[in-house]
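Q: Just dropping this structure here.
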Amino acid sequence: MTTREIDGIRLEQVREYVWEIPQEGEMRVPARVLASEALLDEIGDDKTLQQLKNATHLPGMTDHAICMPDGHQGYGFPVGGVGATDAENGCISPGAVGYDINCGVRMMRTNLTYDDVQGREEELVEALFANVPSGLGGGGVVDGDKETIEGVLERGVDWALEAGWAVPADLEHCEDEGRRPDADPSAVSQKAKDRGKNQLGSLGSGNHFLEIQRVTDIYRDDVADAYGLEPDQIVVLIHCGSRGLGHQTCTDYLRKIEKEHGDLLDSLPDKELAAAPAGSELAEAYYGAMCACINFAWVNRQLIMHRVRQVFARVFDRSWESMDMHLLYDVAHNIAKKEVHEVGADDEERELYVHRKGATRAFPAGHPEVPAAYRDVGQPIIIPGSMGAGSYVLRGGESSLDLTFGSTAHGAGRLMSRTQAKQEFWGETVQDELREQNQVYVKAQSGATVAEEAPGVYKDVDEVVRVSDALGIGDKVARTYPVCNIKG
Amino acid sequence: MSYELRPHTADVAVAATGATLGETFAAAGDGLAAATCDDIPETGERFSLTVRAEGLEALLFDYLDQLIYERDVRGVLPVANEATVREAGAEWMIEASARGVPFADISARDVKAVTYSEMRIEETESGWDAYVVLDV
């Protein structure tokens with residue numbers, strides 16, 4: 001058996017790309033890392049492995065705590081972490097969801113080709129930048145009064161449909177049809193609602209962005225066909241989350257848990273793993289609040305997408321419908337969800353809180369929770385890459401339910417800190433090089449953001465996707481490459 | 001009082017130091033502003049805030065969280081922070097003020113939240129040190 005030892009943590013190779021940290025001490029289950037040797041070297045460079053070990057201490061943790069191929073250090077629970085806890089006797093952990101609840105990605109198709117866009121990149125990037133709020137204090141697409149915020153939290157994309165910001169097909173191509181039925185807006189604090197009301201329909205900053213992309217490669221013709229993707233086609237990718245409303249909700253519940261469940265917190269190796277015992281009032285309240293934030297984030301991405309339709313209609317002087325601008329799919333990658341999985345040696349069916357923090361649901365063909373439009377081929381998965389590397393569309397793989405509670409990676413994963421990135425890269429130089437060498441047009445509120453998000457600060461997304469495909473948890477369908485990128 | 005931004009793979013950390021707890025906490029607040037914006041102009045009106053919590057770490061967490069809240073709701077970046085920290089019965093209390101630079105005057109990015117990850121507050125020979133990781 002191949003073993004590796006990294007900073008005193010021993011990993012045993014179970015099979016190709018699957019490494020196990022055996023259970024010891026206070027660990028409730030073993031931990032697993034899904035990675036090639038090259039990715040494992042990068043994962044071992046920071047505190048990811050220790051954080052993964054710590055995650056196994058959460059009550060009710062089932063089978064394994066798992067690190068995806070793009071895993072990196074977070075706070076408490078690693079980014080790229082999947083942990084399923086028993087929904088009856090375990091816990092739910094806001095720390096294992098993350099501050100940006102339902103941070104996620106959606107992709108919109110068009111019937112335009114790269115030829116239609118070439119030569120108009122500057123005009124498009126300027127129009128998008130002027131019309132899609134980004135950065136700090138840029139406002140939102142919609143002014144959120146009290147009634148609006150309550151409606152969004154309660155009804156998700158149903159609210160957007162009623163308000164004229166969505167069409168029925170948008171709901172059919174979103175997880176849960178864009179509405180979490182367990183949402184409880186009354187469990188979201190006034191403070192969180194205050195922060196959210198000026199940010200409804202806004203990108204934010206950091207690694208969030210909006211990109212016009214062209215499809216460069218198709219790997220599985222039948223699936224690409226079902227997803228409506230073909231070579232040279234223009235698509236739009238939107239990456240953002242629940243903004244200040246979600247961040248505040250996570251913060252609020254971390255503090256409530258600290259005050260009410262101090263005993264449980266004291267038994268955990270990291271305060272950021274804060275968890276509420278399953279069945280407790282606080283667990284129910286957090287779940288209801290988190291589901292409301294999920295709705296908010298879906299509406300946030302929906303408003304931005306619909307605004308992009310309007311921008312395209314103006315720039316190309318045609319209706320968006322005539323450009324076939326339809327949602328392909330929307331994936332969440334910071335979320336906890338009650339799901340039923342077969343667990344243990346005897347494949348017993350159990351209800352679990354599946355925490356995916358920097359990980360994407362990846363249900364295979366035939367799963368009843370995959371939208372009808374894609375049930376025959378598997379759930380679409382969108383893996384955003386850096387501005388210089390492109391992104392991938394995958395489909396849920398046959399092995400995902402056995403290996404990862406139906407999950408795969410969520411992106412390239414950072415390699416370098418933001419402070420180091422700003423020392424190594426200069427925003428304007430990155431922008432110029434992308435334009436001159438890669439024909440990628442970038443516009444950002446802050447030059448520092450461009451430096452911090454330079455292609456060189458990310459892991460090799462190709463390698464992340466190769467491992468996901470080889471493991472059969474998320475299969476490669478198509479690759480896209482940026483044409484225009486706007487960010488905060 | 002002073003602060004330094006330190007590297008962290010996904011986020012940004014602030015190491016703050018001061019002669020008193022109040023100075024150290026205010027320096028952490030200035031670190032939060034520096035993680036948001038590189039060039040801070042001399043504009044904006046001062047405002048005050050008071051926060052209470054059950055312990056020192058909780059107080060630093062809640063103070064920075066309140067600055068983020070004030071930032072989003074007032075539409076200003078809190079800079080030039082000043083603060084005093086004292087025990088108030090069974091709790092700790094911070095009485096603070098900041099100058100709120102209007103968003104219109106700056107090019108800034110969002111810091112999402114304060115975290116407890118690796119948080120440290122330590123008394124030293126010359127005062128107090130604090131370390132806090134921010135989610136960017």
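Q: In bins 5 Å wide, starting from 0, what share of all Cα pairs of region A:9-69 does each bin hold, as a percent?
A: Using 5 Å bins, I get a P(r) of 4, 20, 33, 25, 13, 4, 0 for region A:9-69.
Q: Along the positive direction of the dipole of region B:2-135 (beta-carbon charges: Lys, Arg +1; Asp, Glu -1; about the Cα centre), which of B:HIS8, B:THR43, B:TYR116 reaches farthest?
A: Farthest along the dipole direction, towards plus: B:THR43.
Q: On average, how many beta carbons from a partner chain sit within 10 Å of the beta carbon of a residue in A:412-421?
A: The shielding value for this peptide is 4.
Q: Largest first and in whole Å, give the semi-axes of the protein assembly as shown's equivalent ellipsoid, each being the square root of 5 times a Cα gyration tensor eigenvalue.
A: The equivalent ellipsoid of the protein assembly as shown has semi-axes of 34, 30, 23 Å.
Q: How about region B:1-61: which GluC sites (Glu not before Pro) there lie in a loop by DSSP and see at most 12 other Cβ atoms within 10 Å?
A: Within region B:1-61, the qualifying GluC sites (Glu not before Pro) (loop, at most 12 other Cβ atoms within 10 Å) are B:GLU42.
Q: Sort out for me the Cα centre separation of region B:1-28 from region B:33-66, rounded to whole Å.
A: Centre-to-centre (Cα) distance: 12 Å.
Q: On the first, second and third principal axes, largest extent first, how far apart are the outermost C-alpha atoms of region A:155-244 in Å?
A: Projected onto the principal axes, the Cα atoms of region A:155-244 cover 48, 29, 22 Å.
Q: If you average the sequence gap of Cα pairs under 8 Å that are 6 or more apart and divide by the length of chain B, what percent do you get for the contact order?
A: It comes to 32 percent, rounded to a whole number.
Q: Related question: Shielding of A:95-104 by partners, i.e. mean partner chain Cβ atoms within 10 Å per residue?
A: 2
Q: For a distance above 20 Å, tell me the whole-number percent of Cα pairs in region A:130-288 that qualify.
A: Pairs farther apart than 20 Å: 63 percent.
Q: I'd like the Kirkwood hydrodynamic radius of region B:2-135, using the inverse of the mean 1/r over distinct C-alpha pairs, in Å.
A: That comes to 14.6 Å for region B:2-135.
Q: Which number do you get for Rg(Cα) / (2.2 N^0.38 Å) in region A:65-137?
A: After normalising by residue count via 2.2 N^0.38 Å, the value is 1.75.
Q: Ranked from highest to lowest mean number of other Cβ atoms within 10 Å per residue, what is the order of the peptides A:82-88, A:344-350, B:14-20, A:191-197?
A: A:82-88, A:191-197, B:14-20, A:344-350
Q: Please give the charge dipole size of chain A, origin at the Cα centre, charges +1 on K and R Cβ atoms and -1 on D and E Cβ atoms. Round to the nearest 20 debye.
A: 1240
Q: With the convex hull built on the Cα atoms of region A:253-377, state its orientation-averaged projected area in nm².
A: 11.3
Q: Give me log10 I(q)/I(0) at q = 0.10, 0.17, 0.24 Å⁻¹ for region A:381-488, Debye formula, one equal scatterer per alpha-carbon, no solvent.
A: -0.32, -0.78, -1.19
Q: Follow-up. Region A:267-298 to region A:72-89: how many Å between their Cα centroids?
A: Taking the Cα centre of each part, region A:267-298 and region A:72-89 sit 12 Å apart.
Q: What average number of partner chain Cβ atoms lie no more than 10 Å from the Cβ of the residues making up A:189-202?
A: What the average comes to for A:189-202 is 2.
Q: Another question, if that's okay. Where does the charge balance sit around A:ALA278 when Lys and Arg score +1, Asp and Glu -1, over other residues with C-beta under 11 Å from its C-beta?
A: In short, -3.
Q: Using Cα positions and a limit of under 26 Å, work out the lysines in reach of A:LYS259, with same-chain residues fewer than 8 apart set aside.
A: Once the sequence-local lysines are set aside, what remains near A:LYS259 is A:LYS53, A:LYS191, A:LYS193, A:LYS271, A:LYS337, A:LYS338, A:LYS357, B:LYS112.
Q: Within 10 Å of each candidate Cβ there may be at most 14 other Cβ atoms; applying that plus a DSSP loop requirement, which GluC sites (Glu not before Pro) in region A:246-334 survive?
A: none
Q: Using only Cα atoms and rounding to the nearest 10 degrees, what angle (0 to 90) does helix B:56-74 make with the longest principal axis of chain B?
A: 20
Q: Loop-only GluC sites (Glu not before Pro) in region A:1-65, please: DSSP not H, G, I, E or B, and at most 11 other Cβ atoms within 10 Å.
A: Taking region A:1-65 and a limit of 11 other Cβ atoms within 10 Å, the loop GluC sites (Glu not before Pro) found are A:GLU16, A:GLU24.
Q: With +1 assigned to the C-beta of every Lys and Arg and -1 to the C-beta of every Asp and Glu, and no other charges, what is the dipole magnitude of region B:2-135 about the Cα centre in debye, to the nearest 20?
A: About 300 debye.
A short reminder: the numbers here are calculations on the coordinates, not readings from a lab. Since the structure is predicted, the reported quantities are computational estimates derived from the model, not experimental observations. Positions of Cβ are backbone-derived with ideal geometry, glycine not excepted, and every protein chain shown enters the neighbour counts.
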